[in-house]
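Only one structure is covered here, and it is reproduced in the block below.
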Amino acid sequence: MSSSSSPPNYPTRTYTPRHTTWPYTAADMTPEDTTTDTNFYSTPRFVTHIDDHAIETLAQYYDTALPRKGRILDLCSSWISHFPASLDEAATNGDLEVAGVGMSVPELKANKLLQGKWAVHDLNASPDLPDIKGLFRGKFANARKAAPSEPEEVVQELLDATACVVSIDYLTSPVKVLESTLKNTKAGGSVHLIISNRCFPTKAVARWLRIDEEERLEMVGDYLWFAGWRNIEILTLSDGKLKEEGEQTQTQMSAFMRMLGMGGGRCDPLWVVRAKKE
């Protein structure tokens, strides 16, 4: 997991469990739009859901936090995974395998990092992950299938890490999803739940829309704790304030963002709530 550059010093705090029993109601975990997610995601969206500054920040975090070897699951995946060049290179040379679980066939097909290792799977309808061995063999995408004589050890079943970008707020049974992820992760493996302040409001669970950003981070920590993950940390990757080099550059950027109605000097904030399997 070494990086050629010094890892950024992200403000980090340890999550402390706040509840002895599950504190959220069914209403808390129900979105306004209760129609099937299959309909909602039937039209592919080849867009990014965080801005360019947040994407760059996320890639920098991945460069220091995700393994160069083994298997990574891109949960709630789409047409782009925001991985840095170092991980793309590791995937290209075969040291690293990345598989995706998402909702849109066109988007998953377009994600070159996945190399045909993906599955369309509605986690709100069925929170258990699809068969991990089949996922990494390309079984669900029909991209490649193992020959009958292929040794079982070629594709192991356990994950080294899982990443989920700005999607945890859409899961109506997040603990069950994270329990399934934990079960499919090797000892010492990690999960990284990336959070910003953007969402499709009709599809985010109800409580997410009623609370502030700080409470959302604690809520995601609760998800992980009740799912059995431990060593839970909350990191601030970006506070939403642009830090451009040079006064002129910052002034130009602020003017451009004001023109877009976004407010000068601001960008998407970004956090990660992460944990490990003991």
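Values quoted throughout were computed directly from the atomic coordinates according to the rules given, and no laboratory measurement underlies them. A quick note: this is a predicted structure, and the numbers were derived from the prediction, not measured. We place every Cβ from the backbone using ideal geometry, glycine too, and count neighbours over all the protein chains shown.
Listing for the model above:
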| read-out | value |
| --- | --- |
| Spin-label model distance (nm) - E218 vs T202, 7 Å beyond Cα toward Cβ | 3.2 nm |
| Residue order, fewest to most beta carbons within 10 Å, for S167, S173 | S173, S167 |
| Net lengthening on full extension, T236/T21 (0.36 nm per residue, minus Cα-Cα) | 74.7 nm |
| Potential extension, K176-A110 segment - 0.36 nm per residue separation minus Cα distance | 20.9 nm |
| Per-residue HN-Hα couplings for the range 234-239 [Karplus 6.51, -1.76, 1.60; θ = phi - 60°; Hz; x = Gly/Pro] | 10, 10, 9, 7, 8, 8 |
| In order through the range 203-210: 3J(HN,Hα) via Karplus (6.51 cos²θ - 1.76 cosθ + 1.60), integer Hz, x for Gly, Pro | 10, 6, 5, 4, 5, 4, 7, 9 |
| Per-peptide average of other Cβ atoms within 10 Å, ordering 210-218, 106-114 highest first | 106-114, 210-218 |
| Net charge over other residues, Cβ less than 9 angstrom from the Cβ of F40 (K, R count +1; D, E count -1) | -1 |
| For V98, distant residues with modelled amide H under 5 Å away | I72 |
| Placed amide H near L159: partners under 5 Å, 5+ positions off or other chain | T185, K186 |
| Residue order, fewest to most beta carbons within 10 Å, for T21, T181 | T21, T181 |
| Residues K69, K183 arranged by fewest to most Cβ contacts within 10 Å | K69, K183 |
| Cα centre as origin, Lys/Arg/Asp/Glu Cβ charges: the range 81-128 dipole, Debye | 160 debye |
| The range 91-102 - phi-based ³J(HN,Hα) in whole Hz, Karplus 6.51/-1.76/1.60, Gly and Pro as x | 6, 5, 8, x, 5, 10, 10, 10, 10, x, 10, x |
